[in-house]
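K.L.:
Following this message is one structure expressed as structure tokens.
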Amino acid sequence: MTNDAFQKFKDEVSDALRYALDGLKVDTPIVLDKAPEGMGDIAFPCFPLAKKLRKSPDAIAKDLAATIVPKGMIEKVSASGGYVNFHVMFDVLAKVAIDEALEKKDKFGSGGKKEAKVLLEHTSVNPTGPIHVGRARNPMIGDTLARILRLAGYDVTTEFYVNDMGRQAVMMAWGVKNLSVEGKPERERDDYRFVLNYQEANKRSEEDPSVKELIDEMLLKLEHGDPLVVKDVREACRKVLSALVETLKTINVKIDDFTFESKFVENKSVERIIAKLKQSEHTRESDGAYYLELESFGISGRETKWVFTRADGTSVYTTRDLAYHMDKFARSDVTINILGEDHKLAMQQLMAALSIMGVARKPEIIYYAFVSLPEGKMSTRKGIVVNLDDLIDEALDRAYEEVKKRRADLSEERMREIARVVGIGALRYNVVRIQPEKQIVFKWEDALNFEGSSAPFVQYAHARACSILSKAGEWSHEFDPKVLQNDYEKELAKTIAAFPSVIEECAGHRKIHVLAGYAQDLATQFNQFYRFVPVLKADGKARDARLALVEASKWALGNALYCLGIEAPSEM
RNA sequence: GGGCCCGUGGGGUAGCUAGGACAUCCUAUUGGCCUUCGAAGCCGAAGACCCGGGUUCGAAUCCCGGCGGGCCCGCCA
């Protein structure tokens, strides 16, 4: 089963505590803390027990510490300030973890195979123009989570839901067909070309009621499956979509499947859902439209009703999304959505509708706050945006300047390649390192940070490890962990040993920023080790053991970066 | 009018679900380290839990009330 050495240690500590607590005849959940530096590796706080046992926490800790006999991976048990502190048997931990890393290589960190099939929907931006940085958090979060879940052992499919049904898609298709736009697109690509038609169509429709009528008419035809209209809209969407895929590819995001919203109108599943909802006791009718009264479902505000079918019998966005969710449920065990916080209410309505229909499944949702500009919110329709492509270009340019400063010895081609890996890495890291729900204001200098808490910092540690290994020549993998004796070696080995647990935690809680923090810690540990502990100049057994530690570091760093969607160069 | 999210050193950020030992890390400021494996690095200094109550032996963490910022309340998507 698991070769996760750190987890094994934690399990042994829990077992020992459980046994000791049974002896004291108390039942309490075992919550383990990380011990402060120099106090051991894992701590058990005894404060909650004080009342039950009517003794001071410190006395309880001392009693427990005296009762527990160190064995297995527990080297020492001590009591201090109301905590029982457990020290890990370092030799065993280091040996198991490093062997595991050297053996599993780019699979190091992987957990046991999970049975659950995960369907992860992310990005799903309207295909009416280029991706702007306000929404760029979505693919980065989604892709990173997918990579983490895969390493953890889940079977994951990522999916982009294409909005080819709504007003905005029609608006664009109408603009593409009927307007010739003056002015050059920013880039020679369909997303940049068509967004001009889209913006112009919006403008005309606002100014001229007859244009609005034409678009309304087209929308109605689309909803009723008029083949010509369907073809025009879908074609325009597909073209923009394939341009978006190009952009996503440059930031190492690949999406497995694309599902078109129109599919659920075509295959009548939306119709069936509408029929079913109409039968609910929560349903009301108003001028031919039907809505659910959702006040009793905790929805509040000016309006607590949710219209699910219009007076003309057509569906609305969330109703079609409901059909899509039913489809996703049928294809997966766990469905996860990455969504902007503006979708919260719609999702609440969707969840309520699921309950009303008697569906037990619910999607898991990760909401992210918008990236805004110092001057305000971004908008494709209004053309107030920083496009992701521009951010990428800027990242590449700035990274190139940095590479040129340091590595003038390399060929032009090689410098460009390193600049790409470093620049894209910096972009992704800076988005993914912070909790999705925190709003961020876009600033160039923050988005393109190459020092400190950044991708290049972690990549640099990886490159250093590779550099040592390439100079090492022959060495024996049969190392003796006992020779790893100083604190730099020990702390580094312990951090490496924690990697599988970190992956498990990130996957289980769907928390990707924790991995970014771990990568930063690991790189710091490695850099300290690198500074203070000579590897190539060490002798015999120490050299072998340190080389093993360096190689294990390389895999842990590289795999952490891979999960973050960041490439790990061997030189930079 | 109502709902949800966020508020931690000058700036950014972790910790908050399961309250506990001197609150994490980065940046900017400041003082050091390239004659030993790559200075995109390392070592040191200074600096923070929005405000007010409450619960508790103990609150950044839980509860109530404010204040500030964001998102939302469409027969749009």
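Yes or no, residue by residue, for (1) near RNA strand B (Cβ under 10 Å from one of its atoms); (2) farther than 30 Å from residue A:197 by Cβ:
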| residue | (1), (2) |
| --- | --- |
| A:370 | yes, no |
| A:411 | no, yes |
| A:419 | yes, yes |
| A:439 | yes, yes |
| A:456 | yes, yes |
| A:459 | yes, yes |
| A:465 | yes, yes |
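K.L.:
Can you name the condition, by its number, that residue A:345 falls short on among (1) more than 23 Å from the chain's Cα centre (by Cα); (2) near RNA strand B (Cβ under 10 Å from one of its atoms); (3) surrounded by fewer than 17 Cβ atoms within 10 Å (Cβ to Cβ)?
P.N.:
Exception for residue A:345: condition (1).
K.L.:
Of the residues A:307, A:334, A:316, which single one is within 6 Å of RNA strand B (Cβ to nearest atom), at pLDDT 95 or above and out of contact with any Pro (no Cβ under 8 Å at 6 or more places or on another chain)? Spell out how you get there, then give the answer.
P.N.:
Values: A:334 fails: within 6 Å of RNA strand B (Cβ to nearest atom); A:316 fails: at pLDDT 95 or above.
The match here is A:307.
K.L.:
Filter the range A:525-561 for residues that are surrounded by fewer than 18 Cβ atoms within 10 Å (Cβ to Cβ) and more than 12 Å from RNA strand B (Cβ to nearest atom) and give the result.
P.N.:
Result: A:539, A:540, A:541.
K.L.:
Look through the range A:157-190, keep the residues that are open to solvent by less than 40 Å² (accessible area, probe 1.4 Å) and assigned to a loop (DSSP other than H, G, I, E, B), and return whichever of them is farthest from residue A:255 (Cα to Cα).
P.N.:
Ranking the qualifying residues of the range A:157-190, first place goes to A:179.
K.L.:
Identify the residue in the range A:16-52 that is near RNA strand B (Cβ under 10 Å from one of its atoms) and among the small types (Gly, Ala, Ser) and, among all such residues, is farthest from the chain's Cα centre (by Cα).
P.N.:
Per the criteria, the residue is A:50.
K.L.:
Is it the case that the range A:133-146 has a residue that's more than 30 Å from residue A:169 (Cβ to Cβ) and at pLDDT below 90?
P.N.:
Narrowing the range A:133-146 to residues more than 30 Å from residue A:169 (Cβ to Cβ): none.
No, every residue in the range A:133-146 fails to be more than 30 Å from residue A:169 (Cβ to Cβ) and at pLDDT below 90.
K.L.:
Still on this structure: Look at the range A:244-291 and say how many of its residues are under 33 Å from the mean Cα position of the chain (by Cα), among the β-branched types (Val, Ile, Thr) and within 28 Å of residue A:219 (Cα to Cα).
P.N.:
Within the range A:244-291, the first condition is being under 33 Å from the mean Cα position of the chain (by Cα), and the residues that meet it are A:244-267, A:269-270, A:273.
Subsequent filtering for residues that are among the β-branched types (Val, Ile, Thr) retains A:245, A:247, A:250-251, A:253, A:255, A:259, A:265, A:270, A:273.
Now narrow it down to the ones that are within 28 Å of residue A:219 (Cα to Cα): A:245, A:259, A:265, A:270, A:273.
Total meeting the criteria: 5.
K.L.:
Cβ-Cβ below 7 Å, separation at least six or inter-chain, first residue in the range A:256-270 and without any contact (Cβ under 8 Å) to a residue 60 or more places away in the chain, second assigned to a strand (DSSP E or B): which pairs?
P.N.:
Sorted first by the residue in the range A:256-270, then by its partner, the pairs are A:270/A:315.
K.L.:
Which of the residues spanning the range A:508-524 are within 9 Å of RNA strand B (Cβ to nearest atom) and within 18 Å of residue A:461 (Cβ to Cβ)?
P.N.:
First, pick out the residues of the range A:508-524 that are within 9 Å of RNA strand B (Cβ to nearest atom): A:509, A:511, A:513-514, A:516-517, A:520-521, A:523-524.
Answer for the range A:508-524, where residues must be within 9 Å of RNA strand B (Cβ to nearest atom) and within 18 Å of residue A:461 (Cβ to Cβ): A:516, A:517, A:520, A:521, A:523, A:524.
K.L.:
Away from RNA strand B (no atom under 15 Å from the Cβ), closer than 17 Å to residue A:563 by Cα and touching a residue at least 12 places away in the same chain (Cβ under 8 Å): does that describe residue A:503? If you could, list the steps in order and put the result at the bottom.
P.N.:
Working: away from RNA strand B (no atom under 15 Å from the Cβ): yes; closer than 17 Å to residue A:563 by Cα: yes; touching a residue at least 12 places away in the same chain (Cβ under 8 Å): yes.
Judged against the criteria, residue A:503 is a match.
K.L.:
Does the range A:387-396 contain at least one residue that is more than 24 Å from residue A:187 (Cα to Cα), under 20 Å from the mean Cα position of the chain (by Cα) and surrounded by 14 or more Cβ atoms within 10 Å (Cβ to Cβ)? Spell out the reasoning first.
P.N.:
Going through the range A:387-396, the residues more than 24 Å from residue A:187 (Cα to Cα) turn out to be none.
Within the range A:387-396, none of the residues are more than 24 Å from residue A:187 (Cα to Cα), under 20 Å from the mean Cα position of the chain (by Cα) and surrounded by 14 or more Cβ atoms within 10 Å (Cβ to Cβ).
K.L.:
For the range A:269-304, name all the residues that are within 9 Å of RNA strand B (Cβ to nearest atom) and of a type in the set (Lys, Arg).
P.N.:
Correct list: A:302 only.
K.L.:
Tell me which helices (runs of 4 or more DSSP H) are completely within the range A:461-572 and hold 2 or more residues being under 17 Å from the mean Cα position of the chain (by Cα), or say none if there are none. Step through it out loud before you land on a result.
P.N.:
Values: elements: A:487-497, A:499-509, A:513-532, A:540-563.
Because the criterion is at least 2 residues that are under 17 Å from the mean Cα position of the chain (by Cα), the helices (runs of 4 or more DSSP H) in the range A:461-572 that meet it are A:499-509, A:513-532, A:540-563.
The values are calculated or read from the model by the stated rules, or taken from the named source; none is laboratory data. Everything numeric here is computed off the predicted structure, so don't read it as measured data. Methodologically, a virtual Cβ is constructed for each residue, glycine included, from the backbone with ideal geometry; neighbour enumeration extends over all protein chains shown. Ligands, DNA and RNA are excluded from the accessible area calculation, which covers all protein heavy atoms including side chains. Shrake-Rupley method; radii C 1.70, N 1.55, O 1.52, S 1.80 Å.
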